[in-house]
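Participant: First the structure, which I've put down as structure tokens, then a few questions once you've had a look.
All of the numbers you see were taken from the coordinates with simple rules; none came from a lab. As the structure is a prediction and not an experimental result, all values here were calculated from the model. We place every Cβ from the backbone using ideal geometry, glycine too, and count neighbours over all the protein chains shown.
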Amino acid sequence: MVKDLSAPLLRTARLLDLVPYLHANQGISLDELADDFGVSTSQIQSDLTTLWMCGLPGYTPLELMDLEFDSGFVTIRNAKTLSRPRKISVEEGLALLLGLELLQQRIPLDREDIRKGIETLKDKLSKSLGIQKAVNVPTGMNNEVVEPLLEAIKSSSRVEISYHSLYSDHISSRIISPLLTYDEDGRNYLRAFCFLAMDYRVFRIDRIMDLKIIDGLHAQVQSDSQRVSIPAETDSKAISYSIKVLNASREAAERFDIDSYLRQMNTADLTLDLSSFSKEWIQRAVLATGSDVELIKPLEIRKEIAQRAKSLLLRYTDK
């Protein structure tokens with residue numbers, strides 16, 4: 001999310017834009033000038049007074065800008081060094097090129113008109129800034145997956161995918177009917193009807209290892225496409241579990257998403273009731289966090305963690 005500019009930065013940008021604008025519109029009225037820049041007349045007068053004291057080093061009357069606006073109409077002289085509008089900086093240009101590259105990757109192959117338009121914009125930007133237009137954007141997504149996926153959504157086709165679940169560290173084969181893609185927190189997601197779970201699921205696109213178009217959309221999907229989807233990491237119900245926080249480390253806070261609890265409550269022997277869709281994820285998370293947390297329940301998972309910990313310890317002691 002782009003941060004809003006502060007008032008001083010906004011005013012600085014406006015002052016830089018005022019000079020070339022006045023060069024091109026000598027004699028413009030104060031009211032019209034204020035209206036063009038979206039500020040009050042008193043604010044534009046304050047800006048002009050500030051410009052009056054700006055110029056090249058030396059800051060004598062020979063180097064300072066010369067403005068007249070007492071009559072209600074503005075003229076400017078001695079400001080040729082700023083007579084052209086501001087250009088896009090290299091940093092701004094790179095950001096635009098990155099954005100155009102990401103956008104181009106999401107455009108279907110049959111929309112050649114849009115793809116050519118984006119390519120034209122990239123050419124103009126790169127020539128204007130003197131930088132290469134070929135910007136590599138590591139999206140984490142496989143084009144061999146994305147392009148047929150977008151085609152399947154457009155043609156209402158079912159697809160067969162190989163999906164890697166990080167919760168269970170398992171690759172499953174599924175037949176799904178893709179409905180739409182969207183971005184959230186820098187990730188690309190797919191909402192689809194999964195015929196393995198016989199329900200709607202959300203998939204992370206970068207975890208789809210392989211994709212093959214099968215046939216037309218199943219009729220059941222269209223009648224209920226507005227239902228809420230849950231993550232496709234598992235097809236089981238949520239598992240409730242409790243952990244005791246022994247050390248309020250950053251690793252524990254991020255892994256179990258308990259930062260808000262640690263900020264508000266006394267962390268000495270803090271016990272939290274949480275939930276997960278995967279028993280394997282609970283086991284791996286507790287083991288990975290080490291002595292910072294202790295699983296209290298369910299006892300079944302607690303025993304399995306103890307067995308895995310002993311097995312791991314034996315691997316070191318046997319060497």
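Participant: How far is it, in nm, from the label point at Asp66 to the one at Ser242 when both lie 7 Å from their Cα along the line to the Cβ?
Facilitator: 8.4 nm
Participant: With charges only on Cβ, +1 for K and R and -1 for D and E, what is the dipole size of the stretch 161-213 about its Cα centre, in debye, rounded to 20?
Facilitator: The dipole of the stretch 161-213 has a size of about 180 debye.
Participant: Right, something else. Anything over 26 Å Cα to Cα? Flag those among Lys116/Lys154; Lys279/Lys310; Lys154/Lys212; Lys124/Lys212, in the order listed.
Facilitator: Long pairs (Cα-Cα over 26 Å): Lys124/Lys212.
Participant: Among Leu272, Leu246, Thr317, whose Cα projects farthest towards the positive end of the dipole of the stretch 239-317, with charges put on the beta-carbon of Lys, Arg (+1) and Asp, Glu (-1)?
Facilitator: Thr317
Participant: Once you sort the root eigenvalues of the Cα gyration tensor of the stretch 90-129 as a ≥ b ≥ c, which label holds: rounded (a/c under 1.5), prolate (a/b larger than b/c) or oblate (the other case)? Intermediate results must be reported in sequence, preceding the final value.
Facilitator: Values: a/c = 4.85, a/b = 1.80, b/c = 2.70.
Judged from the Cα gyration tensor, the stretch 90-129 comes out oblate (a/c at least 1.5, b/c at or above a/b).
Participant: Using the crude model of +1 on Lys and Arg Cβ and -1 on Asp and Glu Cβ, and no other charge, please compute the dipole size for the stretch 90-129 relative to its Cα centre, in debye to 20.
Facilitator: 60 debye
Participant: Near Lys116, within a Cβ-to-Cβ distance under 12 Å, what is the net charge of the other residues, with Lys and Arg +1 and Asp and Glu -1?
Facilitator: Working: positive: Arg111, Arg115, Lys122; negative: Glu112, Asp113, Glu119, Asp123.
For residues surrounding Lys116, the net value is -1.
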